[in-house]
1. Among 71-79, 24-32, how do they line up by average Cβ neighbours within 10 Å per residue, starting with the highest?
2. Share of the range 191-277's accessible area from carbon and sulfur, percent, 1.4 Å?
3. Once you charge only the Cβ atoms, +1 for Lys and Arg and -1 for Asp and Glu, what is the size of the charge dipole of the chain about its Cα centre, to the nearest 20 debye?
4. For the chain, what value does the Rg/Rh ratio take when both radii are computed over Cα atoms and Rh is the Kirkwood radius, given to two decimals?
5. Tell me the GluC sites (Glu not before Pro) within the range 174-271 that lie in a loop according to DSSP and have at most 13 other beta-carbon atoms within 10 Å.
6. Assuming a ≥ b ≥ c are the square roots of the Cα gyration tensor eigenvalues, decide whether the range 84-226 counts as rounded (a/c under 1.5), prolate (otherwise, with a/b larger than b/c) or oblate.
7. Before I look further, what does the chain give for accessible area per residue, probe 1.4 Å, in whole square angstrom?
8. What order do HIS290, HIS261 take when sorted by accessible area (1.4 Å probe), most exposed first?
Amino acid sequence: MRDVSSTATASGDVVASPRPDPLPMVVGPTRPHPSVLRRLAQAADPIDASTSVQDLQRALLLTRQLLGAPAAVPFVLPGTGTAGMESVAASLLAPRAPVLVVSTGMWGDRWHDICVRLGLPAQVYTCGPGRPPEAGEVGRLLGAGHHQALLVTHVDSSSGVRTGIEGLARVAGEHGALVLVDGVSAAGAEFVHQEAWGVDAYLTSTPKALGVPAGLYLASLGPRAVDVLVSRTWTPRHFSLDLLHWLPVMRAALEARFAYHQTLPGNLIGALTRGLELVVREGAERVHRHRRLAVRLRSALEAEGLRNFVAEDGDRANGVSVYRAPPHLTAAELLRGAAGLGVLLQAGTHPAAAGETFRIGHLGNVDEQDIDQTAGTLRRLLSPTDR
Ligand SMILES: *Cc1c(COP(=O)(O)O)cnc(C)c1O
C-alpha cells in the first residue's frame, strides 16, 4: 500500500497518520500512528532490562485506564484476539461445568466453538440478526441452569451490534456466574467500565480500535477472576495460554520488577505502550469521535437508501457498520466497485447474512475525510447515472 498524502487534520496529533491509497475502511488491521510504527521498528532490549520491564509496566497501567479497571490484573501477551478469548476461557472455566454464551454474530459463535473445544457444556443464546440480547432472557436462561459463566461479545464486528454489557453483567452477578467479555472491536471506540460494570474478565487486542499492529492481546482480570485463577483445583491442557503462569510476570511488572515465563515481544509492547498513550490521552473524546464519525457515515449512506443491518440506532457500534447490499448490486459487486475507486471495504461475515451484507470499519485513526471519501465512493456506485 503506498502512501500518497500525509496531512494533519483538525483532529490533531492522534489522527495525523498518512492516508494510504487505497484507503482501508476495514475492521482490522487499522492504520497505526507513525509514532507507533517508529517504536515498532526499534529493536527490543533484553527482556530483563529495566527499559523492557518499564515498557510492560506502562502498558499494563495504561490497560487499566483503558478498561476502567484500576484493581484488575492486566495481562499483555503475544497472540491474536482469538488467542485472548481462548486464554481467558481455558484459564478460568472449570472443565465440564456449563456456560452460557450470548451470540450476536460470528464472534459469539467463536466463543461457543472455543468452549466446545475445551469440553464445556455450552448453551447458546443466539440473538436475532442485527439484534442485541435481552437481559430478561439472559436472566431466565441463567436461572434455569447452573452456569459457571456468561460469555459475551461487546461489539460483534460481523453484525455491527453493540451489546449493553452493564445490564448483562448485573444479571450474571445475581446468578453468581462469571462474566467474560470479548471487547476486541470495542475497547478504544466504546466506553468500557470493567470494574463499575462488574465484568470479571475483559479482553481486547491491538489491531482494531487501538490502532497498533497485530500480535498482542490484552486481558484484564477483576478480583473475582484472579481468585478463581489462583484457587483453581484443575489444570488446563494449555500451557502458553494459561494465565496462571503469566500472573507472576504481570504482577512483577506492575512493580517494575522482572519475572520470566516466556520471551515477550519487546518492540511490540513498546509500540502498544505508545498506542495506548495516544488512546488514553484522547480519552472520552475518542469515543465521541468514533460516535460522530459513525453518525456522519450512516446519515450519508441512509440518504442513498442503504439499510443498516442493525435495526435500532442505539444498538449500533461506534466503530463498525454493517449494511445490507442494495437491491440492484450484490455485496461482492459493491466491494469490487469500491476497491476500483480506491476504498477497501469488507465482505459480510454474519453467519445468517454473510452474502447479503458488507462491512465498513471506522476504528482507530479515522477522520472526517476518510468518512467522506467512503460515503462519496458508495454514492457514486449507487447513483443510477453512474451505472
Ligand atoms: C476481530 C475480532 C476477534 C478476533 O481477532 P483475531 O485477532 O482475528 O483472532 C474477536 N472478536 C471480535 C469481536 C473481533 O472483532
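1. Top to bottom by mean Cβ count within 10 Å: 24-32, 71-79.
2. Values: 1920 of 3420 Å².
Its accessible area is 56 percent carbon and sulfur atoms.
3. 280 debye
4. Radius of gyration over Kirkwood radius for the chain works out to 0.97.
5. Here the sparse-neighbourhood loop sites are GLU255.
6. Cα axes put the range 84-226 in the rounded bin.
7. 39 Å²
8. Details: HIS290 0, HIS261 35 Å².
Reading off the accessible areas and sorting them downward yields HIS261, HIS290.
The values are calculated or read from the model by the stated rules, or taken from the named source; none is laboratory data. Note that the coordinates shown come from a computational prediction; the quantities given were computed from them, not determined experimentally. Glycine gets a Cβ as well: all are built from the backbone with ideal geometry, and neighbour counts include every protein chain shown. Surface areas here come from the heavy atoms of the whole protein model, side chains and all, with no ligands, DNA or RNA. Shrake-Rupley method; radii C 1.70, N 1.55, O 1.52, S 1.80 Å.
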